[in-house]
Amino acid sequence: MTLRRHRPGGRGPLTPATAVRIAALGTAALVLMGVLMARLWFLQIIGGQAYAQRAEANRIRTVDLPAQRGTITDRNGKVLARVREGWNIVARPLELPNPKRQLVVRRLAEMLGTPPRPMLKALAQGQQNSPYEAVVLEDDVPLDIRTAFVERQRDFPGVAVERSYVRTYPDGELAAHVLGTVGPIYREHVTSYRDQGYLGNETVGHTGIEAQYESYLRGTRGELRVEVNVAGQPVGRGILSSRSPTPGNTLVLSLDAKLQAALQAQLYQRVEGSAATGAAGVAMNPQTGEVLAMASYPTFNPEDYARSRVKRLTAYQNSKRQPLTNRADEGLYPPASTMKIVTLASALQTGIVKPGAVLLSDSSVELWGRNWINFGKEYQGYLSLPQALEQSSDTIFYGFGDKFFRRYRSNGVELQQRWAHDFGLGQKTGIDLPDEADGRIPDKQWKRTYPFPDGYQRQWLPGDNINMAVGQGDVLVTPLQMAVAYSVIANGGHRVVPTLGKRIETPAGSLVRQLSGTKASTPVTLSPSTLSIIREGLRGVTSGPGGTATGVFGPVPLKGGFAGKTGTGENYGREDHSWFVGYAPADNPKIVVAIVVANGGTGASAAAPAVCATMGEYLGYDPGLCGVAPPKKTN
Amino acid sequence: MTTLTQTPRAHQHNAVTERARGVLGSVDWILLAAVAALSALSLYTIDVATASDFGGSGFYVNRQAVFLVVGVVVLVAAAVFDTERAQGMPWVLLGSLLGALAVVYAIGSTVNGSRRWIDLGPFSMQPSEMGKVLMIVILAGLALERVGEMEPGRLTLFLGGITVVPAIVVFLQPDLGTALVYFAVYIGVLVMILTPWQHFAVMGAGLVAVVLVVMVVLPAVGLPVLKEYQQGRLTSFIDPTADPDGTGYQINQAKIAIGSGGAAGKGREGATQATNEFLPEHQTDFIFAVVGEVFGFVGTAGVVALFGIIIWRALRITARAATQFEQVVAGGLATLFIFQAFVNIGMNIGIMPVTGIPLPFMSYGGSHTLTNMGAIGILLAINRRRVGI
């Protein structure tokens, strides 16, 4: 053993070599401690703020309080859609700890006359899931129970009555297509909604007005900030702060609920029990563009969407009757003879025909090597221009189409199309609905590019102009577009932008934003003689001896009279589309109505009586006075 | 050789009084003060960390207080015992350690999938913890029997072989952290017995090679040595996202706790990471993070400084030890504190892998408290022997 032994008072075994080793250990310790101190400085002094935020994010959980969606009313304040203000008796498990819970719930059960066990079970379950969110103990309590509860509130600490918010529609299917639907955010849209500040589980407007005015209707959700532990359970300090939700604004529509109901009743009547497959109608103020009624049939119940009744929704989706399509602004139909006011106005304004012209309405006319037949092969003799409208001569209008083609061939200007667009046809009207259709006014560009089958004649032909002159061929319009076009005649030369929204109000009723009357109309240049010829013709349709709808409107003693036009859209082998577009009173137009009954027959037989009856609701005459269509087939 | 001024009454002092006076005079009060400060901070921090645990903080604080009391007894016993007497019995001690570890295998209780404890009624004992100090004594005894007689290279290998046996047993419990501590004290003993520096260089290179083979090469050829979770623990401190739910989560939460403490800490009420249970193992392996959250940089720097004091005093005692055996043991104990403190704190602040090594005098736990208290007692005994008492 080479061990040195220490004796009291003597030197220890420390040699220079071991001293170096001890120094090495000390140095290593110093270096390692330096590393620790540097890292701690970095974490706590430099990174302290950032880590503090992450610690806050860990401990604070935000509970969202949904906002009450805004109410939608008609122009007179009649509620069309609101949230159901059911009263729920609720308790937050967090605020009702257990010894107290048993007592309070038993007392509550006694008052409600229900067994306490389900309530205790619901509370226990809520405690596990999210203890700071309200658990519904009893939903939709009647008013007397609510009153009794409020009076005895002191007996029920930790229990409260709270509103529950479910979209509801007091009149069911009334204005369903206009209002549209609400429901949970579709999974594929969650990200884009989140970008707009939504939560993934919120209810939003999907279609119609609900979607169009979503930003006004949604309101602002409130929140509750709660301190939680790692399991998400609230701890000690519990609720840190809270902010109440702000309910959404009220949207006042220009719709008139009574007129809307009358229009819907008419559409229902025209479709059910007939061969018609669907119908749509629009009633509008021709001076301002305010839409007074807009409906489509078959329809649906928006409540099915608000309540997410999946079976019903699937049935709507799969139905061949397409109940979800708003045919009034999305349905496309050939306008047929209702187009003739546009053809006549453009022919007069471009000098294709003189105002005083008297023309032969033969049973047929030969143009460009083809025989064009008058409706019903009827010979109508020589007619003035108003008479040509009144009796809906086709052959005279074929002649206008022919002349438009010759103009086009000589200078390449598509006059007929330009005028159709001036009247608002074949383009969006700009109404405040999200899914409006364009429609189509065919032109040479369209013919060249449309995906016809191979070998189709893509050249612009005389027949294209001739067909367009009577609203047939490739022309497609919506009922809403026709209402706008007839407003131009009714108001003396303004293409209005139709509007459904009238104004936005706070829930308390003060104005947030005026919506109607804010979109400028576009002037359409029509000479006084053009206007008076067309107006005279339209009055003749409803009252003249040869008027196609005299049988319907003639019996109604309305001061100022009616103006309008029938239309019978050819539908290639199936039953014709029945059109009527008109306004009244003719000398001071207050309402313009356009109705189409798909596969409903002639204009006079289905659409005209529907328009007559609908107007009666608004103008105050008895709809029962409206006559029936004459037996003679007219367009 | 007394320097005390003799009063007339002092003549009547008997030998026992004289010896007690000498013992007290030899005590390293600075060392004890640092240990006492850490122990007191430990009780307070355990109370904060476990206040919202199931059953409240009383359970852990009371038990840790009992551990401290028993620890003080162990400390006094070790301080009174002449360490040198253990020099002649390395084989007996090694046999005892291996025997205790074998008992764990036979009747040990399993916690968190690891079989480390012997059940003793209300408490349980972890023999591998005692092994940390025992290994120092064993290796020092075996080394000094052979130093100068055995060729240095063979001696290094021999001592390495001795270390590997209990280390493997502990590693298989599995308890990677304690096994690593055994190698750390082996290195400490080698340093103190003047092992040539080249050996450490070779071992360093070897360590790098072993890490590469175990962590990269063998798994790549389909022969993993470590279980997947062990590998994840060892690498997640570099990239916490590699194991975000396991140790990566622990490291993240520990860093958030420490970082959010800032300069002066968030105090007891604001320590939400610890009290709202975001920080796992907040009273044991991650107690340093609780200190960081409650007391901020002031607290963490203070704890590091207290360990600095303990290491300084341990090295001071090493330098002044009476015999070479005691010197090697003291140096080994200094290494033990350096290694445990650095690895545990490093794990808390995300610069060392999560290996489950407790922080001496701070972490809740009986066996390691007793072990570290015993280590302090041995240091005091070596200091006492220096003055010949």
For B:259-272, what's the mean count of beta carbons from other chains sitting within 10 Å of each residue's beta carbon?
-> 5
Provide the packing ranking of B:104-116, A:246-258, A:330-342, A:18-30, i.e. peptides ordered by the mean count of other C-beta atoms within 10 Å per residue, highest first.
-> A:330-342, A:246-258, A:18-30, B:104-116
Expressed in nm to one decimal, what extension gain is obtained for the pair residue A:155 and residue A:65 from 0.36 nm per residue of sequence separation less their Cα-Cα distance?
-> 29.8 nm
Name the helices (complete DSSP H segments) of chain B with a Cα length along the long axis of 15 Å or more and a Kyte-Doolittle mean of at least -0.5, or state none.
-> B:15-26, B:29-50, B:58-80, B:90-107, B:127-146, B:152-171, B:176-192, B:197-212, B:247-261, B:287-320, B:324-348, B:366-386
Hydrodynamic radius by Kirkwood for the range A:63-253, inverse mean 1/r across distinct Cα pairs, in Å, is 18.6 Å
Provide a whole-number value for the mean count of partner chain Cβ atoms within 10 Å of the Cβ atoms in peptide B:278-289.
-> 1
Order these peptides, A:391-398, A:509-516, A:445-452, A:267-274, by their mean beta-carbon neighbour count within 10 angstrom, highest first.
-> A:391-398, A:267-274, A:509-516, A:445-452
Over the alpha-carbon set of the protein assembly as shown, divide Rg by the Kirkwood Rh and report the Rg/Rh ratio to two decimals.
-> 1.28
Kyte-Doolittle cut-off 1.0, length cut-off 15 Å along the helix's own axis using Cα: show which whole DSSP H helices in chain A pass.
-> A:16-40, A:479-491
Treating only the Cβ atoms of Lys and Arg (+1) and Asp and Glu (-1) as charged, compute the dipole magnitude of the range B:28-386 about its Cα centre; round to the nearest 20 debye.
-> 700 debye
Gap in Å between the Cα centre of the range B:110-133 and the Cα centre of the range A:276-317?
-> 76 Å
Quick tally, 1.4 Å probe accessible area for A:421, B:368, sorted with the most first, runs A:421, B:368
With a 1.4 Å probe, how much accessible area is buried between chains B and A, both sides summed, in Å² to the nearest hundred?
-> 4400 Å²
Accessible carbon and sulfur surface of the protein assembly as shown relative to its total accessible area, %, 1.4 Å = 57 percent
Divide by every residue of chain A the summed helix terms, -39500 (n - 2.57) for each DSSP H run of at least 4, and state the resulting mean residue ellipticity at 222 nm, rounded to the nearest 500 deg cm²/dmol.
-> -10000 deg cm²/dmol
Rounded to whole angstrom, the alpha-carbon centroid of the range A:399-459 lies from that of the range A:33-97 at a distance of 55 Å
Partner shielding of B:295-308, as the mean number of partner chain Cβ atoms within 10 Å, equals 3
Residue A:117/residue A:308 FRET efficiency (R0 22 Å; Cβ-Cβ; nearest 0.05) | 0.15
Along principal axes, largest first, the alpha-carbon spread of the range B:28-386 in whole Å comes out as 61, 55, 41
Check cross-link reach from residue A:444 to the lysines: straight Cα distance under 19 Å, and skip same-chain residues fewer than eight apart.
-> A:403
With Rh as the Kirkwood radius over Cα pairs, the range B:66-183 has Rg/Rh of 1.01
With the 1.4 Å probe rolled over protein heavy atoms, the range A:63-253 has an accessible area per residue in Å² of 50 Å²
What is the packing order of peptides B:307-319, A:430-442, A:101-113, taking the mean over residues of other C-beta atoms within 10 Å and listing the highest first?
-> B:307-319, A:430-442, A:101-113
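The values are calculated or read from the model by the stated rules, or taken from the named source; none is laboratory data. Note that this is a predicted model, so its numbers are computed, not measured. Don't worry about glycine lacking a Cβ; one is built from the backbone with ideal geometry, like all the others, and counts go over all protein chains shown. Ligands, DNA and RNA are stripped out before the accessible areas are found, and what is left, the full protein with its side chains, is counted by its heavy atoms. Shrake-Rupley method; radii C 1.70, N 1.55, O 1.52, S 1.80 Å.
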